[in-house]
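What follows is a short report on a single structure.
The values are calculated or read from the model by the stated rules, or taken from the named source; none is laboratory data. Remember, predicted model here, so these are calculated numbers, not experimental data. Neighbour counts are summed over all protein chains in view; Cβ atoms, including those assigned to glycine, are modelled from backbone coordinates with ideal geometry. Please note that ligands, DNA and RNA were not included when accessible areas were found on the heavy atoms of the full protein model with its side chains. Shrake-Rupley method; radii C 1.70, N 1.55, O 1.52, S 1.80 Å.
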Amino acid sequence: MRPHRDRRIEWWFARVTLCFGLFLMAPAQSMDSLAFVQLRLWAPEFYWGLLFAVTGVTHCGALWINGRRWWTPLVRFCIAGVNFSVYLIFAAGFYSVDPWTTGVFFYGLAMSYASIVVFYGAVKDSYHALGARHAQY
């Protein structure tokens with residue numbers, strides 16, 4: 001069994017989200033530029049980091065046990081939706097300060113798009129998992 005090979009993009013996405021969260025939770029202040037003003041008003045940097053880290057670790061856990069439990073695709077589906085929302089909200093914070101900052105592109109387009117790709121895969125897997133579970137009963 002090669003759990004990393006089948007879902008390389010999803011593993012990458014989950015790990016990047018986890019590492020980004022851990023980075024934001026570090027004692028150093030990385031959200032200190034003017035581009036982060038709105039985001040800091042919404043929540044302190046540590047809480048943003050905690051949100052990203054929890055979604056990342058949950059996603060990694062669901063991927064690790066994926067296929068061993070019928071409900072893991074549903075967790076992946078839910079966490080991909082949460083990731084999409086969090087990355088989009090992060091982008092909205094940048095957009096409200098400066099619509100042309102790179103944060104709008106990276107978080108709003110690149111990372112949100114990656115979460116949609118992951119979401120789509122999890123939806124397909126959830127459909128199959130629920131079908132298999134329903135067939136059992």
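For a modelled paramagnetic label at A43, 7 Å from Cα along Cα-to-Cβ, the residues of segment 105-127 in reach, with backbone nitrogen under 18 Å, are 107-108, 111-112, 115. In percent, rounded to a whole number, the relative contact order of segment 10-57 is 61, using alpha-carbon pairs under 8 Å and six or more apart.
At full extension, D32 and V123 could sit 29.0 nm farther apart than now, given 0.36 nm per residue minus the alpha carbon distance.
Expressed as a whole percent, the accessible surface of segment 1-80 that belongs to carbon and sulfur atoms is 68, based on a 1.4 Å probe. Largest GNM mean-square fluctuation across A53, A26, A14, computed for the chain with C-alpha springs under 10 Å, falls on A26. Packing around the peptides 95-104, 69-78, taken as the average count of other Cβ atoms within 10 Å per residue, puts them in this order, highest first: 69-78, 95-104.
Note on percent of Cα pairs over 28 Å apart: of the candidates [x] 6; [y] 23; [z] 38, the value calculated from this structure sits at [y].
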